[in-house]
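Only one structure is covered here, and it is reproduced in the block below.
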Amino acid sequence: MKVDVSLAPEVRAAIDAGRPVVALESTIIAHGMPYPDFGDLTRWKAPEKMIWLLIAAGGTLIVPQTLVKNAGLNVLMICLFIYLAEGISIIGFFFKVKKVPFLIRIMLYFLILVQQYLLLMIVALGLFDLWADFRKFIRPAPDPGH
């Protein structure tokens, strides 16, 4: 998709000179560039092959060299953060399907944020979703009108 953007002479001169240019997102969107569509984030999943990176990073923790161990720990933390994001997307899917009220959603997200054990359970939920696909087990809430 080609977007035609007109630049002010000062901005063009700064770009040509290699100087930094700052553009605010709201300004860009207001002048015609479409807002990005990320799709339904409650359906987001980590790549399946990322499990091998997680296993390799965990394996580096048994290497006696400090540099290797630290590098592996950093990669492990990044992988676990990605699985946390997947776990939160599963929780968001549950909230959406069950039509959980907004205030309760906010309270539960806050609880996840402050409770470390609950946070670890959400990471595990995201990790085990690779094999269990928890979203297919979540059924919509029954309609109270029927």
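I need every pair where a residue in the stretch 128-141 that is in a helix (DSSP H, G or I) has its Cβ under 7 Å from the Cβ of a residue that is at pLDDT 90 or above and loosely packed, with under 10 Cβ neighbours inside 10 Å, sequence separation at least 6 or different chains.
The qualifying pairs are LEU130/GLU48.
Can you tell me which residue within the stretch 59-98, out of those that are among the polar types (S, T, N, Q) and buried (at least 17 other Cβ atoms within 10 Å of the Cβ), is farthest from the chain's Cα centre (by Cα)?
THR60
Out of (1) aliphatic (A, V, I, L, M); (2) in a helix (DSSP H, G or I); (3) at pLDDT below 95, what's the single condition that is false for ILE82?
Of everything listed in (1) aliphatic (A, V, I, L, M); (2) in a helix (DSSP H, G or I); (3) at pLDDT below 95, ILE82 misses just condition (3).
Which residues, taken from the stretch 31-58, are at pLDDT below 85, more than 26 Å from PHE137 (Cα to Cα) and surrounded by fewer than 15 Cβ atoms within 10 Å (Cβ to Cβ)?
Residues satisfying the conditions are HIS31, GLY32, PRO34, TYR35, PRO36, ASP37.
Any residue at all in the stretch 117-130 that is at pLDDT below 95, acidic (Asp, Glu), surrounded by fewer than 17 Cβ atoms within 10 Å (Cβ to Cβ) and closer than 18 Å to ASP40 by Cα?
Checked against the condition, which is being at pLDDT below 95, acidic (Asp, Glu), surrounded by fewer than 17 Cβ atoms within 10 Å (Cβ to Cβ) and closer than 18 Å to ASP40 by Cα, the stretch 117-130 yields no hits at all.
Return yes or no: is ARG19 modelled with pLDDT of 75 or more and either in a loop (DSSP other than H, G, I, E, B) or at positive phi (or both)?
yes
Take the stretch 1-16 and flag every residue that is modelled with pLDDT of 70 or more and hydrophobic (A, V, I, L, M, F, W, C).
VAL5, LEU7, ALA8, VAL11, ALA13, ALA14, ILE15
The values are calculated or read from the model by the stated rules, or taken from the named source; none is laboratory data. Model, not experiment: these values are computed from the prediction. No Cβ is skipped: glycine too gets one built from the backbone with ideal geometry, and neighbour counts run over all protein chains shown.
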